[in-house]
1. Can you name the condition, by its number, that residue 348 falls short on among (1) farther than 30 Å from residue 267 by Cβ; (2) modelled with pLDDT of 95 or more?
2. Only residues that are in contact with a Lys or Arg (Cβ under 9 Å, 6 or more places away or on another chain) and over 17 Å from residue 335 (Cβ atoms): list them for segment 220-234, please.
3. Please count how many residues of segment 371-402 are surrounded by 18 or more Cβ atoms within 10 Å (Cβ to Cβ) and among the aliphatic types (A, V, I, L, M).
4. Working carefully through the options 254, 307, 260, find the one that is touching a strand residue (DSSP E or B) at 6+ places or on another chain (Cβ under 8 Å), charged (D, E, K, R) and closer than 30 Å to residue 195 by Cβ.
5. Looking only at segment 356-374, which residues are closer than 23 Å to residue 310 by Cα and in a loop (DSSP other than H, G, I, E, B)?
6. Does residue 238 satisfy being at positive phi and either touching a Cys at 6+ places or on another chain (Cβ under 6 Å) or not polar (S, T, N, Q) (or both)?
7. Exactly one condition in (1) surrounded by fewer than 18 Cβ atoms within 10 Å (Cβ to Cβ); (2) among the aliphatic types (A, V, I, L, M); (3) closer than 23 Å to residue 114 by Cα is not met by residue 186; state its number.
8. Do the conditions hold for residue 116, that is, is it over 18 Å from the mean Cα position of the chain (by Cα) and either surrounded by 21 or more Cβ atoms within 10 Å (Cβ to Cβ) or at pLDDT below 95 (or both)?
Amino acid sequence: MKKREVSRTLLLLTLAGSIGATSLSSCSSQESGEADTETTTASNDQAKMEIKKEAFGKTKEGEETTLYTLTNANGMQLKVTDYGATITSVLTPDKNGKLGDVALGFDSMDGYQSDAYLKSGPYFGSAIGRYGNRIAKGRFTLNGQEYKLAQNNGENHLHGGTKGFDKVIWQAEPLADQNALRLTYVSPDGEEGYPGKLTTTVTYTLTDDNEIKIDYTATTDKATPVNLTNHSYFNLAAGEANDALDHVLTINADKYTVVDGSLIPTGEQRAVKGTVMDFNTPTAIGARVKDVEGGGYDHNYVLSNSDGTLKQAATVYEPTSGRMMEVLTTEPGIQFYSGNFLDGTIEGRGGKTYSKHYGFALETQHFPDSPNQKDFPSTILEPGQTYKSSTVYKFSVKENAQ
């Protein structure tokens, strides 16, 4: 066995012991002595991988939820719950090798079901669908028929409606041999006003290169708009800073879609050069945030190099920890949101108060309100077609970080 394989195996066997696994096969909670937990382990040619499964709590309706923990050969961890196909936690090392949680979220369903969270609706880490972002006035016309959706963001429709994909239980399937979790949700015809029965899968994979790969597929039996994304908020300081304004951001985009006062695109794609919207060169998030109308960034950027293949869209660097995050996507746009509506009413992991600008989101996507914008790339999925989209969040430490 090669030296690298030995170290990986020793690491994973150590981790397995810490959660009570007693064999290299599926281990029940009774066998491990740990209530409501289960570990699925598989081997491949490179390393042994395992996915921990445990109870996560109940929804307000009394539905049981489950948390899945993926760990790679470097000790990095990704935690996902079947409620909303939600990323709850991302543990990744800083420049000193210390693991820290860089994703905003909660340690149980209690946080996601609290009145403060449900009232403010930040969508921490959730899968968003059928349509990520906004649709003007909650309506669109398709094949001569008008469809009316929930108006859950003023007069507009946002992130799939009152009960979008972020608030349903997905069917989860651990794929231990790939260190991945595949989640499936079948949205019935007419749900939230959308036409067609839509079958959606989201697959999260944690690689040994410290990448979180998110692969989406969807099929329908009627023409319907589809725009899937993930709404994770990040703070690469991992709780060691009160906001994310010192994070240095680069977005590979020469244009953005201009919006009106309700954040609906006007149809104009405006050049960013020479404006507060320009992140083509590395710039601190807080450098010009006060100059942005509306109190911060919440804008869709038109990616410069988009061609439907996986391309780098953005990078973020946090100087104190040395952590870096790269975002790659097959999508034509990315929504940069600087956490403007976080207001200090939500207490997150470790008792940390999530105040304004505490975290940021980089949501890969098609453009907002595309069903009503003839000059935007189409988001209509037809029967017989398969919607496919991929995004990667890759974590590392900047070379020579001080």
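1. (2)
2. Filtering segment 220-234 down to residues in contact with a Lys or Arg (Cβ under 9 Å, 6 or more places away or on another chain) leaves 220-222, 224-228.
Residues satisfying the conditions are 220, 221, 222, 224.
3. Qualifying residue count for the region: 3.
4. Working: 254 fails: closer than 30 Å to residue 195 by Cβ; 307 fails: touching a strand residue (DSSP E or B) at 6+ places or on another chain (Cβ under 8 Å).
That would be 260, the only listed residue that is touching a strand residue (DSSP E or B) at 6+ places or on another chain (Cβ under 8 Å), charged (D, E, K, R) and closer than 30 Å to residue 195 by Cβ.
5. So the first thing to find is which residues in segment 356-374 are closer than 23 Å to residue 310 by Cα, and the list is 360-368, 370.
Result: 366, 367, 368.
6. Values: at positive phi: yes; either touching a Cys at 6+ places or on another chain (Cβ under 6 Å) or not polar (S, T, N, Q) (or both): yes.
Spelling it out, residue 238 is indeed at positive phi and either touching a Cys at 6+ places or on another chain (Cβ under 6 Å) or not polar (S, T, N, Q) (or both).
7. Residue 186 satisfies every listed condition except (3).
8. On the way: over 18 Å from the mean Cα position of the chain (by Cα): yes; either surrounded by 21 or more Cβ atoms within 10 Å (Cβ to Cβ) or at pLDDT below 95 (or both): yes.
Yes: the conditions hold for residue 116.
The values are calculated or read from the model by the stated rules, or taken from the named source; none is laboratory data. Predicted model only: the values in this text are computed from it and were never measured. Positions of Cβ are generated from backbone atoms using ideal geometry, with glycine treated the same way; all protein chains shown enter the neighbour counts.
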